[in-house]
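Read the structure below first, then the notes.
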Amino acid sequence: MNRVQILKWLVKNLVVTLVIGGAVWFCMSKNAGYRWTYTSYLKNNLDFMRHNPKLTREQRYGVKLGISYSYLQFIKQNTPEDAVILYPSKEDFFPPGQESPFQGEVYNLSWATRFLYPRKIIFPHQMQQNVFTPYISHIAIVNGRGFERINNYQGDRFEHGVLPVKSSKRNDGQ
């Protein structure tokens, strides 16, 4: 390649880079989700990590997610890894017209599975079609809701927790 060809190649690639960069900038400036991700979410998370470098991942989750993370950790610590959990619905976490101590998307299947894996999660509205329904081993209680999903529950009631239940198809004879 001679100098003219190299210069043409360089100019062409520079123009393509500027066009692509301009298109990305334009899309990001017009899309509220991208703006929020960059200007708020990423920057705030980086600032938090910079100011708290010695916190463990669990401590960072606890600070940022509050009771939502504590609740998921409680469930994880009080259920076996092979548990099948009847998990609260969005309405259980955030009852209409009531204050809730929870934040974020603690009711979201992907979000909850991220913290509870390898446990299986079933929502009340999925019980009819979920193949794991007969294997439910635990029921998560939140905001005092969930006891109604246990036939003839006679025990003490509490605000937040998890209860073991007898499954109709457990292999361990329970």
Accessible carbon and sulfur surface of the stretch 52-174 relative to its total accessible area, %, 1.4 Å | 48
Computed over the chain: longest principal axis from alpha-carbon atoms vs helix 3-30 long axis, angle to nearest 10 degrees, is 40
Note the count of lysine pairs whose C-alpha atoms are less than 17 angstrom apart in the chain, limited to pairs 8 or more residues apart or on different chains.
-> 5
What does a probe at Gln73 reach in the stretch 94-116, counting residues whose amide N is under 20 Å from the point 7 Å along Cα→Cβ?
-> 101-108, 111-116
FRET efficiency (Thr113, Val19; Cβ distance; R0 30 Å; to 0.05) is 0.15
Give the Cα extents of the chain along the principal axes, in whole Å, largest first.
-> 86, 35, 35
Want the number for Met127 to Trp9: 0.36 nm per residue separation, take away the alpha-carbon distance, what's left?
-> 36.4 nm
State, to one decimal in nm, how far the label point of Met28 lies from the label point of Asn2, with both points 7 Å from Cα in the Cβ direction.
-> 4.1
Rough spin-label spacing in nm, given labels placed 7 Å along Cα→Cβ, for Ser100 and Arg35 = 2.8
Once you list every other residue whose beta carbon is under 14 Å from the beta carbon of Pro53, what net charge do they have if Lys and Arg are +1 and Asp and Glu are -1?
-> +3
Mean Cβ neighbour count within 10 Å, used as a protection proxy, ranking 46-55, 72-81, 132-141 highest first | 132-141, 72-81, 46-55
Residue (of Gly62, Thr133, Trp9) at the positive-pole extreme of the chain, dipole from beta-carbon charges | Trp9
If every Lys and Arg gets +1 and every Asp and Glu gets -1 at its Cβ, then about the Cα centre the stretch 38-174 yields a dipole, in debye to the nearest 20, of 420
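The values are calculated or read from the model by the stated rules, or taken from the named source; none is laboratory data. Because the structure is a prediction, the values reported are computed rather than measured. Cβ: placed from backbone, ideal geometry, glycine included. Neighbour counts: every protein chain shown. For accessibility, only protein heavy atoms count, side chains too; no ligands or nucleic acids. Shrake-Rupley method; radii C 1.70, N 1.55, O 1.52, S 1.80 Å.
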